[in-house]
Amino acid sequence: MPLDARFHEAVAPLFVTGMGTEHVGPLLYSLVRMTRPRRVMEVGLGYTSPFLAQALADNAAEDAEDRAKLAEASEDDLRHSLLREPFFTDPYRPSLHAIDDFSGEGTSAPRVLETLDALGIQEFVKVHKADFRGYSTRIDRADLPLDFVWFDAGGPLEYIDFLREYWPLIDQEHGLLLLHFTYWNLTVHFDGQDHTNLLCGSIANEIKRQQMRAGLAARFEVLSLVEPHKTRQGSVTMVRKLAGTSMCRDRDFQEEMFEIYGAKPPAMPILR
């Protein structure tokens, strides 16, 4: 169920050029559709909010279809064969917790609710008019842990406050956190010259540094996407929590493949 012309027409007035989220909105939609989270949080309402809500609405519709497939007797159906039954043990009633104090100058946050209502997807959104700091204690425990979090509010100090308070609330198994504007366009001096380039910002760098220092015991993995044509608001860093079989195994590729399949494949190339 791709986003249609009606959706894009409805959300267009929410777009603010300086916020740099024209590609982030569709990215968030696709990620939510792919990961099918139950409990989503967004800090900083705006253009991206309807994309998240629409993804949950489309997930709910697809989930209902999948449950109907599983109830059918025939396992020869290709869709039926793709579905992992344990996921469907619990009902799928997704919700988006959207936190914003509506104080940001120039944001489209105040118009978001009207757009959600016009699209008929407001039922999937719980709006919290508040500063995110200290608000975690007011979230219903039934809405935790969080499966998917999009944080786009403020600078490094706000990111630190958010991580300190909300990181423990993200699901230990596959919980996904996305942070906006994590690469900076700066002039740095090295090799005796000044170079203006995109630099991994201090927050993203610290997250990566902690991952590297943890080594094989790292309980999260990191990936940053960068828009090289922008000087600002052109990056997203994704942090995915790991548990159990998602963690790195200190096993040689050839030995593990031989153990599973009884044949040893060529050695993996060394990536540098």
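The values are calculated or read from the model by the stated rules, or taken from the named source; none is laboratory data. Being a predicted model, the structure only gives us computed values, none of them experimental. Neighbour counts run over all protein chains shown; Cβ positions are idealised from the backbone, glycine included.
The table below lists the values:
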item: Selection within segment 108-128 - in contact with a strand residue (DSSP E or B) (Cβ under 8 Å, 6 or more places away or on another chain) and not in a strand (DSSP E or B); result: Ala109, Val112, Leu113, Leu116, Phe124
item: Breaking point among (1) out of contact with any His (no Cβ under 8 Å at 6 or more places or on another chain); (2) among the small types (Gly, Ala, Ser); (3) at pLDDT 95 or above; (4) within 30 Å of Glu165 (Cα to Cα), for Ala98; result: (1)
item: Single residue of Thr89, Thr107, Thr35 found to be among the β-branched types (Val, Ile, Thr), touching a Gly at 6+ places or on another chain (Cβ under 7 Å) and under 27 Å from Trp167 (Cα atoms); result: Thr107
item: Whichever residue in segment 230-272 is part of a loop (DSSP other than H, G, I, E, B) and of a type in the set (D, E, K, R) and, among such residues, is nearest to Val149 (Cα to Cα); result: Arg232
item: Of all residues making up segment 176-215, the number that are of a type in the set (D, E, K, R) and at pLDDT 95 or above; result: 4
item: Of all residues in segment 61-107 being of a type in the set (S, T, N, Q) and part of a helix (DSSP H, G or I), the one that is farthest from the chain's Cα centre (by Cα); result: Ser81
item: Single condition Thr89 does not satisfy, out of (1) within 21 Å of Glu173 (Cα to Cα); (2) touching a Leu at 6+ places or on another chain (Cβ under 9 Å); (3) among the polar types (S, T, N, Q); result: (2)
item: Pair list, Cβ under 7 Å, 6 or more apart: segment 1-14 residue assigned to a helix (DSSP H, G or I), other residue among the aliphatic types (A, V, I, L, M); result: Phe7/Leu119; Ala10/Ala118; Ala10/Leu119; Leu14/Val112
item: Residue among Val125, Val149, Val112 that alone is assigned by TED's automatic domain parsing to the domain that holds Ala57, under 26 Å from Thr17 (Cα atoms) and more than 18 Å from the chain's Cα centre (by Cα); result: Val112
item: From the options Leu96, Leu78, Leu119, residue that is surrounded by fewer than 16 Cβ atoms within 10 Å (Cβ to Cβ) and in the same structural domain as Glu65 (by TED's automatic domain parsing); result: Leu78
item: Extreme residue, farthest from Phe162 (Cα to Cα), among residues of segment 129-150 that are assigned to a loop (DSSP other than H, G, I, E, B) and among the charged types (D, E, K, R); result: Asp140
item: Some residue of segment 171-185 being surrounded by fewer than 16 Cβ atoms within 10 Å (Cβ to Cβ), among the hydroxyl-bearing types (Ser, Thr, Tyr), in contact (Cβ under 8 Å) with a residue 12 or more places away in the chain and over 25 Å from Arg138 (Cα atoms); result: no
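Every residue, every condition in (1) surrounded by 12 or more Cβ atoms within 10 Å (Cβ to Cβ); (2) assigned to a strand (DSSP E or B); (3) hydrophobic (A, V, I, L, M, F, W, C), yes or no:
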| position | (1), (2), (3) |
| --- | --- |
| Asp194 | no, yes, no |
| Leu198 | yes, yes, yes |
| Ile203 | yes, no, yes |
| Ile207 | yes, no, yes |
| Leu225 | yes, yes, yes |
| Pro228 | no, no, no |
